[in-house]
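So the structure is just underneath, and the comments pick up after that.
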Amino acid sequence: MRMYDIINKKKRGCVLTQEEIRFMTEGYTKGEIPDYQMSALMMAVCFQGMTEEETLALTLAMRDSGEVLDLSEIEGIKVDKHSTGGVGDKTSLVLTPMIAALGIPVAKMSGRGLGHTGGTIDKLECFPGFSTELTKEQFCQNVNRIKMAIMGQTADLAPADKKLYALRDVTATVEQLSLIASSIMSKKLAAGADAIVLDVKTGNGAFMKEEKDAFALAREMVQIGKNAGKRMAAVITDMEQPLGNAVGNSLEVKEAILSLNGLGPKDLMDVVYALGAEMVLAAEKAATEEEARNLLEQTIREKTALDKFAEFVETQGGEKQYVYQPELLPAAGIQMQVINTDTGYVGGILAEEIGLANLILGGGRNTKDSPVDLSVGILLHKKRGQALQPGEALATIYANDMEQAKEAYGKIVGAYRIQPQAPEELLMVKGILRS
């Protein structure tokens, strides 16, 4: 078998066999196939596309390129959740303890953020002593004992995807549906859960800007998971503006704690309940969406999810009193209000611009080795549909550097779209696809 023949075959629009896909994936991971040949194949895929069978074969080949976690020692139906990313997306911090509080095992692998905000692990490190560096044995023990654990992704998890994505990133071959879907799903399948719920974002702050593209990606990923023997659901959610009011690591943790106390912003909780219902249904803890939602609401009302979050933080080495006293979390030294000068309504907020403002403050990463300031961020006071008067605060900037705060101020002002009439209300949940 030769890589030249595989490239030529795909260039002509032919379907690659499972053996050919595994050959080129393994060869590239081991360094036996050079970048220039894999680049040529990726470009051919961008022009010719991949069938459902090819996409599954590529996903499984990337999954099998490294360690595949065996979670069979964890009791019950293990559920996981993945988001395609967005601004202010602290959903996992709220949702995971709610699910665990219902006795459903959540075995989750997360990464650090690269871009305008920190990832789930960065946010959790706001708790002094917290660690996601768990052995597989500790990970499984924690899930069996308290029904939840979050560990960092290891280098051994789908290494083919990591290498292939780095190549696609510099060869303009990222935005191909099958390649995006197989990249995400290879890591999720390697993480070992029985059921996977996907939060597929759409809007100006999402990777998939157009709703139709988000639905297409969701369908592709659900089909891959189904063909791989997993229970799957995808919830397509709005990212036309930041999710919730807080953007920035410690601010988002504080908002998550507020949410677990029953004081969460409506847009955030709409997404949490939609995703949570799918996880409860997949775990067979409820027969209908209504029943699942009632169970989830009970964990907030009775504070069992809040207590579960504190137990989780303590189990992984963190200071659990910070959950009950969030004022102890990292705080920035400078607060600056962003003042409105117009009369009208918030027609929209460019989520990506708010994310870039957070990056300017130091709350995100330009490279994977960049340090993150956990204390900085932005708290939005006005969201889409709200009335505005001159002199009101649109947002508060939390910073540790005055020049950075001033630069972020301009970005935030530019992100607001103000119009004379109130806009239509946005639906947070655009649709749900299930296997």
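The values are calculated or read from the model by the stated rules, or taken from the named source; none is laboratory data. Bear in mind the structure is a predicted one, so any value in this text is a computation, not a measurement. We place every Cβ from the backbone using ideal geometry, glycine too, and count neighbours over all the protein chains shown. Accessible surface areas use protein heavy atoms only, side chains included; no ligands, DNA or RNA. Shrake-Rupley method; radii C 1.70, N 1.55, O 1.52, S 1.80 Å.
Scanning segment 402-421 for residues that are open to solvent by 60 Å² or more (accessible area, probe 1.4 Å) and farther than 19 Å from residue 352 by Cβ turns up 402, 403, 406, 419, 420, 421. Counted as qualifying within segment 135-218 are the helices (runs of 4 or more DSSP H) with 1 or more residues that are open to solvent by less than 20 Å² (accessible area, probe 1.4 Å) and charged (D, E, K, R), namely 159-169, 177-190. Looking at this structure, is residue 296 closer than 24 Å to residue 412 by Cβ and either of a type in the set (D, E, K, R) or touching a Gly at 6+ places or on another chain (Cβ under 7 Å) (or both)? Judged against the criteria, residue 296 is not a match. Given the structure, is residue 108 out of contact with any His (no Cβ under 8 Å at 6 or more places or on another chain), more than 27 Å from residue 195 (Cα to Cα) and surrounded by 20 or more Cβ atoms within 10 Å (Cβ to Cβ)? Taking the combined requirement at face value, the residue does not satisfy it. From the list 99, 74, the lone residue that is part of a loop (DSSP other than H, G, I, E, B), out of contact with any Leu (no Cβ under 7 Å at 6 or more places or on another chain) and open to solvent by less than 40 Å² (accessible area, probe 1.4 Å) is 74. Taking the listed residues 167, 134, the one that is in contact with a strand residue (DSSP E or B) (Cβ under 9 Å, 6 or more places away or on another chain) and in contact (Cβ under 8 Å) with a residue 24 or more places away in the chain is 134, with no other qualifying. Among the candidates 161, 194, the residue that is among the charged types (D, E, K, R) and over 18 Å from the mean Cα position of the chain (by Cα) is uniquely 194.
The selection criterion, being closer than 26 Å to residue 46 by Cβ, assigned to a helix (DSSP H, G or I), open to solvent by 10 Å² or more (accessible area, probe 1.4 Å) and among the polar types (S, T, N, Q), holds for residue 223.
Restricting attention to segment 238-254, the residues being surrounded by 24 or more Cβ atoms within 10 Å (Cβ to Cβ) and closer than 24 Å to residue 312 by Cβ number 10.
You will find that of 58, 69, the residue that is aliphatic (A, V, I, L, M) and within 20 Å of residue 174 (Cα to Cα) is 58 and no other.
When we screen 260, 275, 179, 268 for residues that are in contact with a helix residue (DSSP H, G or I) (Cβ under 7 Å, 6 or more places away or on another chain) and within 16 Å of residue 59 (Cα to Cα), the only hit is 179. Residues that are crowded, with 18+ Cβ neighbours inside 10 Å, over 15 Å from residue 177 (Cβ atoms) and in contact with a strand residue (DSSP E or B) (Cβ under 6 Å, 6 or more places away or on another chain) do occur in segment 255-272, at least one of them. May I ask you to verify whether residue 62 is modelled with pLDDT under 90, buried (at least 24 other Cβ atoms within 10 Å of the Cβ) and farther than 25 Å from residue 380 by Cβ? Answer is no for this residue.
For segment 33-54, name all the residues that are among the hydrophobic types (A, V, I, L, M, F, W, C), surrounded by fewer than 20 Cβ atoms within 10 Å (Cβ to Cβ) and not in a helix (DSSP H, G or I). Listed by number, the list holds a single entry, 33.
Can residue 334 be described as crowded, with 22+ Cβ neighbours inside 10 Å and more than 21 Å from residue 105 (Cβ to Cβ)? So residue 334 fails the test.
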